1. Please give the residues of segment B:128-142, grouped as numeric ranges, whose backbone N is less than 16 Å from a label point set 7 Å along the Cα-to-Cβ vector of A:Leu134.
2. Where does chain B land at 222 nm, in deg cm²/dmol rounded to the nearest 500, when only DSSP H runs of n ≥ 4 count, each adding -39500 (n - 2.57), divided by all residues?
3. Suppose each label sits 7 Å from its Cα in the direction of the beta carbon; what would the B:Ser121-B:Asp247 distance come out to in nanometres?
4. Can you give me the Cα centroid spacing of segment B:18-83 and segment B:89-105 in angstrom?
5. Return the sequence-ordered ³J(HN,Hα) values of segment B:172-184 in whole Hz as given by the Karplus equation 6.51 cos²θ - 1.76 cosθ + 1.60 applied to θ = phi - 60°, using x for Gly and Pro.
6. In whole Hz, what ³J(HN,Hα) sequence does segment A:86-102 give by Karplus (6.51, -1.76, 1.60; θ = phi - 60°), x for Gly and Pro?
7. Using R₀ = 60 Å, calculate the FRET efficiency as 1/(1 + (r/R₀)^6) where r is the Cβ-Cβ separation of A:Phe162 and B:Ala81; round to 0.05.
8. To the nearest 20 debye, what charge dipole does the protein assembly as shown have about its Cα centre, counting +1 at the Cβ of each Lys and Arg and -1 at the Cβ of each Asp and Glu?
Amino acid sequence: MQPTFSSSRILQPVRPWFIVASLLVALVLNFLPTDAWFWMPDWVALVLIFWSIREPRHVGMGWGFVLGVAMDVADASLMGQHALAYVLATYAAAALSRRILWFPLGQQALHVLPLLLIVQCVQFAVRAMPGIELPGWGYFIGPFVGTLLWWPLTFILLLPQFQPVDHDANRPI
Amino acid sequence: MDHQPPPFFKRGPAPLARLSFYAALSLALVFVDSRFRTLELARQAISVFTHPIQQMAHAPIDSLRNAGDFFSSVARFEEEAVRLRREQLERAGTLLRAEQLEAENERLRKLLEVKGRQQVSGHVAQILYAARDPFSRRVVVDKGLQDKIVAGQPVVDAAGVVGQVTRVFPFVSEITLITDKEQAVPVQIVRNGLRSVVFGLGNGQLELRFMPANADVQNGDLLVTSGLDGIFQPGLPVAKVVHIERDTSYSFARINCEPVAGVENYGEVLVLDPREVAALPPELNKEANSGPKPAAKPAPAKKRALKKD
């Protein structure tokens, strides 16, 4: 597989343990006491969307559901709130995966923005049903920050799959 | 004859089928948790897995904070010790008298055959962190089922009421602050004994609701718990009135209050022991037991209403 479908570089196959490790690291990042910084992106959503775009057959809605329930318990929010948001976002990401990977990174990030906004909006909709108001517009800044992080995230998470460029491979003697 | 594809093309159920399954499961969780609140056991079980990860995430930050404390100057601690000693001396007079007054109050209550007041006691707990949920105001403290904390216990700090325990996990418990939108505390005004209920506004302030526009409330009035709910001990300071708006087009006055306790601060809090249930006189008990059966049914609803109000 290539970094994008239009690239001519071939990547090594992904290692399953690296996917699990990156998702766990995202969970730890989400658990950091950063509640005062409302602009922090939802790391689990970002990494989940990344892997369901790159490897829709390895990471699917099951992972989204399990991580969502873990977030619900740790966050003291309504049970199923994160789970529903993550499941919907992973489904949309996996469905769009074939299309997104044709684009360069900048346009990929533009595809990721609505997915991250889905995560926030679904959570808000679930909580708004019993009549809770929006906790300020800062609530929607996280997805934009997450979109900007798409460049470094792609680079970091694909790093173990890159092969060193061998200049001798097709050089005439 | 079935025309199944060869097994090496099998990819499990279609994505849409999986989506409907997981979405339905999550919606069911949302519905059950918001309506019936029966998922507490599942929450406790899952927290056994998430809690160690949370602790791992907090460990570096805690150690950084501890390192900062370690290097802070000895002079500051000495200063603090001096200040605390002075404060203790200043309060010694009131404290000594308070003990004597309490004993006298007890004796007088016995003379008048009024029910005695329960002694206040509880567990000191440390606030670990604020819950990340942006829609509510909750904190997590380091005492849980292991320390026999139960949901509903009131939580106070040195100045007044902080909140109420709403969920208990094996090692930690969640406290809903009085500034949360769904939290209400029955109070009375110290100056004239007027009873009301104070609600959180979600922005760090409180609101005294359902007070008529001509109610006798003044700026600076202190609100203390009335104890009518059967959960909070009577007489704990809750809030101070800071702003009153009497608009004749509304039947109720808009009264904003500020919590007395350091509700949004981090530090130690006291989780008070649950209040003893006042026993009914035996003849009333007999009447209740011999009454018609359906009378027993509405009891849980009443209990929940009490907890909310």
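Bear in mind that the values in this text are calculations on the coordinates, not laboratory data. Please read all numbers here as calculations on a predicted model, not as lab measurements. Cβ atoms come from the backbone with ideal geometry, glycine included; neighbour counts cover every protein chain shown.
1. B:134-135
2. Values: 5 runs with 111 residues, N = 309.
Here the helix-only value at 222 nm equals -12500 deg cm²/dmol.
3. 5.0
4. So the two Cα centres are separated by 39 Å.
5. Ordered by residue, 3J(HN,Hα) equals 10, 9, 9, 10, 8, 6, 5, 8, 5, 5, 9, 9, 9 Hz.
6. Using θ = phi - 60°, the values come out as 5, 4, 5, 5, 5, 4, 5, 5, 5, 5, 8, 4, 4, 7, 4, 6, 7 Hz.
7. So the FRET efficiency works out to roughly 0.55.
8. Details: 48 positive and 44 negative charges, 272 e Å.
It comes to approximately 1300 debye.
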